[in-house]
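Only the coordinates and a few stated rules stand behind these numbers; no lab work does. What you see is a predicted model; the values in this text were computed from it and never measured. Because the Cβ atoms are built from the backbone with ideal geometry, glycine has one as well, and the counts that use them run over all protein chains shown.
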Amino acid sequence: MPVWVAAIVGVALCLFETLMLQILQIGDFALQLWLPLTLWLAMRKDWASSALALAFLFFPIEWCAGGRLGLVSFGLLLPFTLVRLSGLSVGAASFMTHVMMGGAAAVLHVLSMVLLLVVFDPESAIIPAILWSLWKSALAGAIVTPIFLRGMVRLEDWFLPRGRSMSGARGR
């Protein structure tokens, strides 16, 4: 799938999640769709365009997440980098790998945000709230990531000929 389509999908998903959480009045429990999107971008074959797409998505993600500017984006850098270095691809990883990766990435995301706050604003009142959300983030990441990754592979199949997937998945 062209990276510009992935960026548009990312912005649409962030806006959709924000809208649904406002309508359903469950702002305390977020799906954090930007986390599986970050993992999917990290598992694509084309590293440069994936990194550029993630950089483009930082502002819409921050806008949808609310809170301090740069906090969520910084939290996404560690999972992106670690998954990129692992060499995993969407098609080669199993369902359970996606579940574990989603939960672990959510934990890394939260802990890296807390680390940033501890270093630059140790008196911050939101540190306990972010730490309390750790279990919710891990649960949401473990549930949403495999579904999201499978959906992105299907979407990618629409844009690329069979066998030419950028995510490493085989054409279906």
Q. Rounded if a/c is under 1.5, else prolate if a/b is larger than b/c, else oblate: which is the range 46-170, with a ≥ b ≥ c the root eigenvalues of its Cα gyration tensor?
A. prolate
(Q) Give me the dipole magnitude in Debye, nearest 20, for the range 3-159 about the Cα centre, with unit charges on the beta carbon: positive for Lys and Arg, negative for Asp and Glu. (A) 320
Q: With a 10 Å radius around each residue's Cβ, average the other Cβ atoms per peptide and rank 64-77, 10-23, highest first.
A: 64-77, 10-23
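Given the rule -39500 (n - 2.57) for each run of at least 4 DSSP H residues, summed and divided by the residues of the chain, what is its mean residue ellipticity at 222 nm, to the nearest 500 deg cm²/dmol?
-24500 deg cm²/dmol
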Q: Rounded, prolate or oblate: pick one for the range 1-118, where a ≥ b ≥ c are the square roots of the eigenvalues of its C-alpha gyration tensor, a/c under 1.5 means rounded, and failing that, prolate if a/b is larger than b/c, else oblate.
A: rounded
